[in-house]
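Trainee: Below you'll find the structure I mean.
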Amino acid sequence: IDAAKGLFTSEMVSKASSYLGESESGVAKAISGILPSVLGGLVNKVSDNEGAGTVAQMAQENHSSGILDNLGGFLGNDGGGLLNKGAGLLGGLFGGKLDGLTGLISNFAGIKSSSVSSLMSMAAPAVLGMIGKHASTSNMGASGIASLLSSQKDNIAAAMPAGLNLSSVLGGFG
């Protein structure tokens, strides 16, 4: 969770707030809920072998794409394509619960749902890229990634901000 938070520097929050037309405090508050939500979604996804394989593949693809070197690209001219890719990842992670999750974080952070959607579409590939990088340097396969994520379940739940109850969407991570 700390590594994921490290991806979203104050400079990145500032750029995102300008790009989205939201306050920096609102964007930062949204990110504080988005990161554990995305990680919680990944933990839920790796609970079976098929899901673990899917997450491992997504992590590898996002790491290979160089996403971690181009997070600012989400907020630039080609941002639309990157955000669409992130939205596809989120659909695979949360399915029909995505709109509910977006709404809950939007209400919590006091920013527009569309802004939360954009931030989530940025966070999902970034977090997957970070996991893919770790898996690559540690020579981990799908079961190693599943084990890593599962071992972080308590830390992820503890990182969920007070006042944000996502149990209706994320089960045990509420």
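Trainee: Residues of the chain: accessible area per residue at 1.4 Å, in Å²? Write out the running numbers ahead of the final one.
Mentor: Values: 7640 Å² over 174 residues.
Per residue, the chain has 44 Å² of solvent-accessible surface.
Trainee: Can you give the charge dipole size of the chain about its Cα centre, rounded to the nearest 20 debye, using +1 on the beta carbon of Lys and Arg and -1 on the beta carbon of Asp and Glu?
Mentor: Values: 9 positive and 11 negative charges, 32 e Å.
For the chain, the charge dipole is close to 160 debye.
Trainee: What FRET efficiency comes out for Ser18 versus Glu61 if R0 is 30 angstrom and r is the Cβ-Cβ distance? Round to the nearest 0.05. Let's see the in-between values first.
Mentor: Numbers: r = 29 Å, r/R0 = 0.97.
That pair, Ser18 with Glu61, gives E of 0.55.
Trainee: So, one more: Within region 129-163, find all residues whose amide N lies under 14 Å from a label point positioned 7 Å from the Cα of Asp2 along Cα-to-beta-carbon.
Mentor: Residues passing the 14 Å test: 155-156, 159.
Trainee: Let me ask you something else. What distance in nm lies between label points placed 7 Å from Cα along the C-beta direction at Ser136 and Glu11?
Mentor: The two pseudo-label positions are separated by 2.2 nm.
Trainee: Let me ask another. Let me see the P(r) profile for region 85-147: every Cα-Cα distance counted, bins of 10 Å, each bin given as a percent of all pairs.
Mentor: 21, 41, 26, 12, 0
Trainee: What does the charge dipole of region 75-174 about its Cα centre add up to, to the nearest 20 debye, if the Cβ of each Lys and Arg holds +1 and the Cβ of each Asp and Glu holds -1?
Mentor: Around 40 debye, computed over region 75-174.
Trainee: Same structure, new question: Quick check of the Kirkwood formula: for region 1-50, what is the inverse mean of 1/r over all pairs of different Cα atoms, in Å?
Mentor: On the way: mean 1/r = 0.0837 Å⁻¹.
For region 1-50, the Kirkwood estimate is 11.9 Å.
Trainee: Once you've got the GNM for the chain with C-alpha springs shorter than 10 Å, pick whichever of Ala158, Ala52, Ala126 has the biggest mean-square fluctuation.
Mentor: Evaluated over the chain, the most mobile residue of the options is Ala158.
Trainee: Dividing the alpha-carbon radius of gyration of region 1-97 by 2.2 N^0.38 Å (N being the number of residues), what value is obtained? The partial results should precede the final answer.
Mentor: Working: Rg = 14.1 Å, N = 97, 2.2 N^0.38 = 12.5 Å.
That ratio works out to 1.12.
Trainee: Additional query: What's the carbon and sulfur percent of the chain's accessible surface, probe 1.4 angstrom, rounded to a whole number? Could the numbers behind the result be given before it?
Mentor: Details: 3670 of 7640 Å².
Carbon-and-sulfur percentage of accessible area, whole number: 48.
Trainee: Another question, then. What nm value, rounded to one decimal, do you get for the distance between Ser47 and Asn155 when each label is placed 7 Å out toward the C-beta?
Mentor: In this crude label model, Ser47 to Asn155 measures out at 2.1 nm.
Trainee: Let's see if you can work this out: charge +1 on each Lys and Arg Cβ, -1 on each Asp and Glu Cβ, no other charges. What is the dipole magnitude of region 1-102 about its Cα centre, in debye to the nearest 20? Spell out each step's value before the answer.
Mentor: On the way: 6 positive and 10 negative charges, 30 e Å.
The dipole magnitude comes to about 140 debye.
Trainee: Using helices alone, what [θ] at 222 nm do you get for the chain, with -39,500 (n - 2.57) per DSSP H run of 4 or more residues, divided over all residues and rounded to the nearest 500? Provide the component values of the computation, followed by the final result.
Mentor: Numbers: 10 runs with 129 residues, N = 174.
Computed ellipticity for the chain at 222 nm equals -23500 deg cm²/dmol.
Trainee: Here's a follow-up. Which is farthest toward the positive dipole end of the chain among Ser18, Ser47, Gly96, measuring Cα position about the Cα centre, with Cβ charges +1 (Lys, Arg) and -1 (Asp, Glu)?
Mentor: Gly96
Trainee: Using the structure shown, list the pairs from Lys15/Lys133; Lys112/Lys133; Lys97/Lys133; Lys5/Lys133 with a Cα-Cα distance above 26 Å, or answer none.
Mentor: Values: Lys15/Lys133 24 Å; Lys112/Lys133 32 Å; Lys97/Lys133 28 Å; Lys5/Lys133 16 Å.
Too far apart for the 26 Å limit: Lys112/Lys133; Lys97/Lys133.
Trainee: Can you compute 3J(HN,Hα) from phi for each residue in region 159-168, using the Karplus curve 6.51 cos²θ - 1.76 cosθ + 1.60 with θ = phi - 60°, rounded to whole Hz and x for Gly and Pro?
Mentor: Those phi angles translate into 7, 5, x, 4, x, 10, 9, 10, 4, 5 Hz.
Trainee: Once the Cα gyration tensor of the chain is diagonalised, what are the square roots of 5 times its eigenvalues, in whole Å and ordered largest first, as equivalent ellipsoid semi-axes? Please list the in-between numbers first.
Mentor: Numbers: eigenvalues 107, 72, 38 Å².
Three semi-axes, in Å: 23, 19, 14.
The values are calculated or read from the model by the stated rules, or taken from the named source; none is laboratory data. Small disclaimer: the values here were computed from a predicted structure and weren't measured. FYI the Cβ positions are ideal-geometry reconstructions off the backbone, even for glycines, and counts take in every protein chain you see. Protein only, heavy atoms only, side chains kept; ligands, DNA and RNA dropped before computing areas. Shrake-Rupley method; radii C 1.70, N 1.55, O 1.52, S 1.80 Å.
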